[in-house]
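Since the structure comes first, as structure tokens, the remarks are kept for the end.
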Amino acid sequence: MSDEMPNGAGNGAEPTDGRGALSVNAQYIKDLSFESPNVLRIMTQPSSQTPEVSFNLGVQAVGIGPDSFEVTLTVRAEAKREGVVAFIVELAYAGIFTIVGIPQEQVEPILFIEGPRLLFPFARAIVADLTRDGGYTPLMLNPIDFVDLYRRKLAERQGLAEGLAVNTLPN
């Protein structure tokens with residue numbers, strides 16, 4: 001059995017077959033917050049109503065070196081029961097990625113699709129553990145289609161650019 005990864009990639013290795021490589025060098029929590037502002041009210045007044053959970057997700061990527069990038073996945077979830085906030089979770093989970101041998105036009109999709117796809121299972125586990133440890137049923141985030149998320153962001157960006165172009169035309 002060989003220790004070599006496909007593409008010759010692994011821990012920053014240069015690709016050996018010309019296809020390029022994506023390496024995850026580190027993963028870490030950048031910021032984490034759990035608030036349970038009404039825990040006494042929620043826990044002392046049992047209800048059969050299932051909490052209503054709102055969820056927001058964001059992805060950011062910044063270059064930190066010639067072939068290195070930090071991708072940050074931000075998650076915010078808020079649960080309410082009968083209009084009362086049960087808990088709020090805010091997580092910024094990041095990874096340092098190295099990309100080599102990839103054409104420049106493919107770097108952005110890799111950062112905004114593959115980066116968060118690799119980070120998401122860890123962020124999901126942190127949110128589930130945190131809500132469980134906070135005294136609630138673990139919040140299990142559903143899988144995210146990062147390809148669709150990226151396509152929608154591109155369409156939004158293109159629509160904004162087209163709107164700016166229309167607004168800047170002379171009268």
Quiz item: For region 83-153, what percent of Cα pairs sit more than 14 Å apart?
Solution: 67 percent
Quiz item: Projected onto the charge dipole of region 6-167 (+1 at Lys/Arg Cβ, -1 at Asp/Glu Cβ, origin at the Cα centre), which of 27, 120, 102 gives the Cα projection farthest towards the positive end?
Solution: 120
Quiz prompt | Label-point separation in nm, residue 32 to residue 145, each point 7 Å along Cα→Cβ | solution = 3.1 nm
Quiz prompt | Environment charge of residue 85, counting only residues whose C-beta is closer than 15 Å and scoring Lys/Arg +1, Asp/Glu -1 | solution = -1
Self-check item: Karplus-derived HN-Hα couplings along region 134-142 (A = 6.51, B = -1.76, C = 1.60, θ = phi - 60°), whole Hz, x at Gly and Pro
Solution: x, x, 10, 5, x, 7, 9, 5, 5
Quiz item: Rounded to whole Å and sorted largest first, what semi-axes of the equivalent ellipsoid does the C-alpha gyration tensor of region 6-167 yield via the square root of 5 times each eigenvalue?
Solution: 36, 21, 12
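If I stretch the segment between residue 104 and residue 157 completely, what's the gain in nm (0.36 nm per residue apart, minus their alpha carbon distance), one decimal?
My answer for the length gained is 17.2 nm.
Bear in mind that the values in this text are calculations on the coordinates, not laboratory data. Please read all numbers here as calculations on a predicted model, not as lab measurements. FYI the Cβ positions are ideal-geometry reconstructions off the backbone, even for glycines, and counts take in every protein chain you see.
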